[in-house]
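Trainee: Can you read through this structure? Questions will come right after.
The values are calculated or read from the model by the stated rules, or taken from the named source; none is laboratory data. Remember, predicted model here, so these are calculated numbers, not experimental data. Cβ atoms come from the backbone with ideal geometry, glycine included; neighbour counts cover every protein chain shown. When the accessible area is computed, the model is the full protein with side chains, heavy atoms only, and any ligands, DNA or RNA have been set aside. Shrake-Rupley method; radii C 1.70, N 1.55, O 1.52, S 1.80 Å.
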Amino acid sequence: MNNFKNIEYLKLGNKRQNQAYKELKELNIFEKLKKYNPILTGTIPIDIDLPESDLDIICECKNHKEFSAELLSLFGKKTDFELRSNKENQILSTTATFKTDTFEIEVFGQNIPTEKQNAYRHMVIEHKILNSKGPEFRAKIRSLKSGGLKTEPAFAKLLGLEGNPYTELLKLETTRQAAEE
């Protein structure tokens, strides 16, 4: 399994993953955000991205005002920079988005350890599923995403999960953990 906490794995990946690695290294973004325990999540790390997919970086921030100020200071001059705070599932979240030459980047912070945030948990579950189901399944996910479905609903559809796809996918985490023990 990839160590998603260190972006070095991107160097060994496909062309888009290589581009992401170079871009993130040029921005020095993980070093700049180090105290927030950043992790790259989303579809690019697990190779189910589309051409318009962004780079999602999750962070653990205990103080949203401080985090917002730091994001503004670090990235406020970047193209199309936006900063907002709102509640996501009853949890205060702060998000900064901006564009580089190649990618849109989203930096997302919650007062939750990054490994326990849903974005990371979903990605790890999806990665395991992709590895167990093979290239045909990956192609079907990409096809559904190209047709307009978001990632989690695409997985839910192919796996026959009923209900809220985001919640149902997380339930697989405990099911799989129990099966592995």
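Trainee: Can you confirm whether residue 136 is open to solvent by less than 30 Å² (accessible area, probe 1.4 Å) and among the acidic types (Asp, Glu)?
Mentor: When the stated conditions are applied, residue 136 does not pass them.
Trainee: When you scan the range 41-48, do you find a residue that is in contact with a helix residue (DSSP H, G or I) (Cβ under 7 Å, 6 or more places away or on another chain), farther than 30 Å from residue 137 by Cα and at pLDDT 95 or above, even just one?
Mentor: Looking through the range 41-48, none of the residues is in contact with a helix residue (DSSP H, G or I) (Cβ under 7 Å, 6 or more places away or on another chain), farther than 30 Å from residue 137 by Cα and at pLDDT 95 or above.
Trainee: Name every residue in the range 25-41 that is open to solvent by 30 Å² or more (accessible area, probe 1.4 Å) and in a loop (DSSP other than H, G, I, E, B), in order of residue number.
Mentor: Within the range 25-41, 28, 37 qualify.
Trainee: On the basis of being out of contact with any Leu (no Cβ under 8 Å at 6 or more places or on another chain), open to solvent by less than 30 Å² (accessible area, probe 1.4 Å) and small (Gly, Ala, Ser), does residue 93 make the cut?
Mentor: When the stated conditions are applied, residue 93 passes them.
Trainee: In addition: Scanning for something surrounded by 22 or more Cβ atoms within 10 Å (Cβ to Cβ), more than 30 Å from residue 135 (Cα to Cα) and not hydrophobic (A, V, I, L, M, F, W, C), does the range 108-118 turn up at least one residue?
Mentor: yes
Trainee: Applying the selection to the range 1-21, what residues are exposed (fewer than 13 other Cβ atoms within 10 Å of the Cβ) and either of a type in the set (D, E, K, R) or within 18 Å of residue 100 (Cα to Cα) (or both)?
Mentor: Within the range 1-21, 8, 11, 15 meet the criteria.
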